[in-house]
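The structure appears right after this line, and notes come after that.
The values are calculated or read from the model by the stated rules, or taken from the named source; none is laboratory data. Predicted model, so just to flag it, every value in this text is computed and none were measured. Neighbour counts run over all protein chains shown; Cβ positions are idealised from the backbone, glycine included. Accessible surface is based on the protein model in full, side chains and every heavy atom, while ligands, DNA and RNA are left aside. Shrake-Rupley method; radii C 1.70, N 1.55, O 1.52, S 1.80 Å.
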Amino acid sequence: MSTAVRFEVRTSFDAPPRRVWNEMIDWNGHGDWIPATRMDVAPGDATAVGAELTAFTGYGPLTLEDRMRVARCTWDDEESIGDCEVEKLGPVLTGRAGFTVVPEGSGTAVVWLEDVTVPFAPGFTAPVIAKLSAMGFKLAMRSLAKIVER
């Protein structure tokens, strides 16, 4: 038994796109703004296609291990647009996640997308899992705003 969970979170920042992008692709820095998270990033260019990273979110035995591989991570200097997608490799979540950074007025907008399969969850729980996950990412985006808007 498993269920597909998809959600999207859009957040505006009062900061330049490149500054927001740089924080978003600093995988090790994710622990500074995603609650209860630490990252393990393989050596090398962490934004290169094929780069691997693992997020550990939670506390003690209630920690979710989320292994990922970069599928796409590009920045366009001319347009000030960044696009990044990772493959979720398990052991719990599989699927994909990603974010797009775009100029918005004098600031920046970020759209974060998760499209994952959650094992051991019956289908009727998908809306609840999506809502709670989106709330968690909205909280993380507020923390990120404090960093990039300094």
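Treating the beta-carbon of each Lys and Arg as +1 and of each Asp and Glu as -1, no other charges, what is the dipole magnitude of the chain about its Cα centre, to the nearest 20 debye?
Dipole of the chain, to the nearest 20 debye: 600 debye.
Translational diffusion coefficient, Stokes-Einstein: compute it for region 93-136 using the Kirkwood radius over C-alpha pairs as Rh, at 37 °C and 0.692 mPa s, and state it as an integer in µm² s⁻¹.
Reported coefficient: 267 µm²/s.
Of the heavy-atom accessible surface of the chain (probe 1.4 angstrom), what whole percent is carbon and sulfur?
55 percent
Return the calculated 222 nm mean residue ellipticity for the chain, to the nearest 500 deg cm²/dmol, obtained by summing -39500 (n - 2.57) across DSSP H runs with n ≥ 4 and dividing by the residue count.
Per the formula, -7000 deg cm²/dmol.
What number do you get for region 1-75 when its Cα radius of gyration is normalised by 2.2 N^0.38 Å, N = residues?
The reported ratio for this selection is 1.24.
Over region 1-99, calculate the relative contact order: mean separation of alpha carbon pairs under 8 Å at least 6 apart, over the residue count, as a percent.
16 percent
Send over the semi-axes of the chain's equivalent ellipsoid, whole angstrom and largest first, taken as the square roots of 5 times the C-alpha gyration tensor eigenvalues.
The three semi-axes for the chain are 25, 17, 15 Å.
When only C-alpha pairs under 8 Å and at least 6 residues apart count, what is the relative contact order of region 66-150, in percent?
Value for region 66-150: 18 percent.
By how many nm would the segment from D115 to E79 grow when fully extended, if each residue of separation counts as 0.36 nm and the alpha-carbon distance is taken off?
So the chain would gain 10.3 nm between D115 and E79.
Starting from 0.36 nm per residue, how many nanometres of slack lie between R72 and A48 once their C-alpha separation is accounted for?
My answer for the length gained is 7.9 nm.
Using the heavy atoms of the protein chains alone and a 1.4 angstrom probe, what is the accessible area of the chain per residue in square angstrom?
Normalised by residue count, the accessible surface of the chain is 54 Å².
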